[in-house]
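Take a look at the structure below.
The values are calculated or read from the model by the stated rules, or taken from the named source; none is laboratory data. Nothing here was measured: the structure is a model prediction, and the numbers come from that model. Because the Cβ atoms are built from the backbone with ideal geometry, glycine has one as well, and the counts that use them run over all protein chains shown. Accessible surface areas use protein heavy atoms only, side chains included; no ligands, DNA or RNA. Shrake-Rupley method; radii C 1.70, N 1.55, O 1.52, S 1.80 Å.
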Amino acid sequence: MKYVYVFLTRTGTKIANIIGMVTGDRFAHASISLDRELTQMYSFGRRRVTNPLYGGFIKENIHQGIFALFGECNSVLYRIPVTEDTYSVIENTLHTMHRRRFSYRYNFVGLFSCAFGVPTNTRTHFTCSQFVSWILEYSGATTLPKNMGLMKPDDLTRLPNAELVYEGCIANADNMNRTVAVRRGARVL
């Protein structure tokens with residue numbers, strides 16, 4: 001059995017705070033990873049730390065970029081069991097999208113339409129949670145509780161086969177040593 005990981009965060013950026021105010025949700029960003037160490041996560045977000053309006057398909061690392069700047073902010077990590085075939089589909093899709101990353105854009109329209117309950121589903125424009133939802137459904141890893149275009153990061157906490165494996169600050173999410181994580185105020189489950 002293999003696992004894919006869904007990492008949910010809410011950093012202290014202005015955009016994350018606005019998203020949190022509008023949705024009333026705990027989290028404002030979603031990423032997917034094939035490794036528990038979270039050194040290669042994929043999502044849709046800002047391509048430059050200083051410019052939230054220049055967004056698209058991105059590769060993230062828990063110790064770089066926005067995550068490094070807001071390491072004390074809350075996060076959760078879920079793992080989803082998948083078959084070898086499903087894992088391969090996700091892995092190949094992520095690598096193909098990364099090679100063509102500049103063909104993809106952040107779905108700003110979808111960010112606002114989701115708040116009003118109107119889904120916008122496209123093949124080249126995603127919000128972070130739309131992307132994570134899409135790849136999980138496309139690969140057959142899970143069934144979504146609602147239309148992909150309406151999925152928000154908090155909705156990913158309710159996936160039927162997702163298991164919570166970490167809750168605590170971003171900087172410690174990749175720490176697999178239970179003693180250190182608990183001592184720093186995190187819960188490793």
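A few notes on this one:
- Cα-based reach from residue 152 at 20 Å (exclusive), listing lysines while leaving out same-chain residues under 8 positions away: 14, 59
- Here the chain has an Rg and Dmax of 15.3, 45 Å, counting Cα atoms alone.
- Close amide H pairs (under 5 Å, H built 1.01 Å from N) link residue 3 with 82, residues at least 5 positions away or on another chain.
- Computed extension length for residue 85-residue 64: 4.5 nm, one decimal, from 0.36 nm per residue of separation with the Cα-Cα distance subtracted.
- Loop-resident chymotrypsin sites (Phe, Trp or Tyr not before Pro) (DSSP state other than H, G, I, E or B) in region 71-155 with no more than 16 further Cβ atoms inside 10 Å of their Cβ: 116.
- The apolar share of the surface of region 99-178, taken as the fraction of accessible area on carbon and sulfur atoms (1.4 Å probe, ligands and nucleic acids excluded), comes to 54 percent.
- Where Rh is the Kirkwood radius over Cα pairs, Rg/Rh for region 17-128: 0.95
- Across the chain, C-alpha contacts under 8 Å between residues 6 or more apart give a mean separation that, scaled by the residue count, equals a relative contact order of 26 percent.
- Global form of region 72-112, assessed from the alpha-carbon gyration tensor, a/c cut-off 1.5: oblate
- Given charges at beta-carbon only (K, R positive; D, E negative), |dipole| of region 1-106 in Debye: 460
- Each label point was placed 7 Å from the Cα along the Cα-to-Cβ direction; for residue 17 and residue 146 their separation is 2.6 nm.
- Sparse-neighbour loop sites [GluC sites (Glu not before Pro); region 59-147; at most 15 other C-beta within 10 Å; DSSP]: 72
- Rounded to whole numbers, the Karplus 3J(HN,Hα) couplings from phi for region 104-109 are 10, 10, 6, 8, 4, 4 Hz, using 6.51 cos²θ - 1.76 cosθ + 1.60 with θ = phi - 60°, and x at Gly and Pro.
- Accessible area per residue, Å², the chain with all protein chains present, probe 1.4 Å: 49
- If R0 is 41 Å, the Cβ-Cβ spacing of residue 161 and residue 49 corresponds to a FRET efficiency of close to 0.75.
- Over the chain, DSSP H runs of length four or greater, each weighted -39,500 (n - 2.57), average out per residue to a 222 nm ellipticity of -8500 deg cm²/dmol.
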